[in-house]
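Everything on this sheet refers to the single structure shown next.
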Amino acid sequence: MKKYYRFTRRRTESARFIAIGSVIAALGVLAYFYLTGGAIWCGVLVPCGVLLAALPQFVIRARYGVKGDTLYYTKKGLPHKTPVSEAAAALICVHDEYRGMRGYVPALSDRNYSEGAVPLPAILLLREVKAEELDLCETRTQARLVHKGLVLFDAQLDLDFLDDLVKSSFAGKFYVSERVYGMYRRVLDELVGERLEVFDRVPAAFKRAMQQ
């Protein structure tokens, strides 16, 4: 089974937590030598620094994959698996990640395209899709909010994984945002074909009103 990384910026985020953890651990060591009761501070700060440096790595470098009827992934750093048959739909949209003071922003490809850097796609496996609210699902974070409680799994989409999913026992429908479809149309049509449905940012209620 081939595994894929769930998130981008792994090197940057890993280095950030290692640096912060190292600073906290170093403060604990300094406290041991220079403060009264420093042994207590050392006993608190050093383990906290080590944990802060180590534990986030399991999330930052989380991977996923599918084999047969089973999806393998990590949740809060712990390994999980679930039957893909539990998912009624797969939603493909723009992958975004938290970037500190900038909030959640789209993750961009590092490849050179004629139109410049393009957003990377994300995939969400859903127990149920809210078709009436797909216009609100432009990004991964928005889709998670709309489908709160219905998301089995979400990640940056590796197109090889999409091929694996299509060939698995997953029988649900694929929904893709118009923006992502415009950028990855050729490969999506090739891999998914007739099971693919494109949605745009026009509310379903407005579309019905226009048709009347």
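Any chance you could count the Lys pairs in segment 73-179 whose alpha carbons are under 25 Å apart, treating pairs 8 or more apart or on different chains as valid?
13
Spelling out what I want: for every residue of segment 180-190, take phi, set θ = phi - 60°, compute 6.51 cos²θ - 1.76 cosθ + 1.60 (Karplus), and round to whole Hz; glycine and proline get x.
Values, residue by residue: 5, 4, x, 8, 10, 4, 4, 6, 5, 4, 5 Hz.
Label points 7 Å out from Cα along the Cβ direction at ARG127 and VAL23: separation in nm?
Each label point is offset 7 Å from its Cα along the Cβ direction, giving 4.1 nm.
Which residue fluctuates the most in the chain, going by a Gaussian network model with Cα springs under 10 Å, if the choices are ILE24, ILE60, ILE123?
ILE24
If exposed means no more than 11 neighbouring beta carbons inside 10 Å and the site is in a DSSP loop, what's the longest run of the chain without any exposed trypsin sites (Lys or Arg not before Pro)?
1-75
Estimate the FRET efficiency between LYS207 and ALA171 by the formula 1/(1 + (r/R0)^6), using the beta-carbon distance for r and 41 Å for R0, to the nearest 0.05. Working shown, then result.
Working: r = 27 Å, r/R0 = 0.66.
After rounding to 0.05, the efficiency reads 0.90.
Taking Cα atoms, how many degrees apart are the long axis of helix 38-60 and the longest axis of the chain, rounded to 10 and kept between 0 and 90?
20 degrees
For segment 28-140, take every pair of Cα atoms, bin their distances at 5 Å starting from 0, and report each bin as a whole percent.
2, 9, 10, 14, 15, 13, 10, 7, 6, 6, 5, 2, 0
Per residue of segment 88-99, in order, report the coupling 6.51 cos²θ - 1.76 cosθ + 1.60 (Karplus, θ = phi - 60°) as ³J(HN,Hα) in whole Hz, putting x for Gly and Pro.
Calculated HN-Hα couplings, in order: 8, 7, 10, 10, 10, 8, 6, 7, 10, 9, 6, 10 Hz.
To the nearest 0.05, what FRET efficiency results for THR70 and LEU145 with a Förster distance of 25 Å applied to their C-beta separation? Present the calculation step by step, with values, prior to reporting the outcome.
Values: r = 27 Å, r/R0 = 1.10.
Result of the calculation: an efficiency of 0.35.
Rg/Rh for segment 66-205: what does it come to with C-alpha atoms and Rh from Kirkwood? Please list the in-between numbers first.
Values: Rg = 14.6 Å, Rh = 15.5 Å.
Taking Rg over the Kirkwood Rh, I get 0.95.
How much length would be gained if the chain were fully extended between ASP160 and GLN57, taking 0.36 nm per residue of separation minus their Cα-Cα distance, in nm to one decimal? Could the numbers behind the result be given before it?
Working: separation 103, 0.36 × 103 = 37.08 nm, distance 2.39 nm.
34.7 nm is the gain from fully extending ASP160 to GLN57.
Work out the charge dipole of segment 1-143 with +1 on the Cβ of Lys and Arg and -1 on the Cβ of Asp and Glu about the Cα centre, then indicate which of THR12, LEU27, ALA143 is farthest towards its positive end.
LEU27
Starting from the Cα of LYS2, step 7 Å along the direction of its Cβ; do the same at GLU194; then give the gap between the two resulting points in nm.
2.6 nm
Return, for the Cα atoms of segment 1-71, the radius of gyration and Dmax in Å, separated by a comma.
Over segment 1-71's Cα set, Rg and Dmax evaluate to 17.5, 60 Å.
No value in this document is a laboratory result; all are computed from the given coordinates. Just so you know, these numbers come straight off a predicted model, no measurement behind them. All Cβ positions, even for glycine, are placed from backbone atoms using ideal geometry, and neighbour counts span all protein chains on display.
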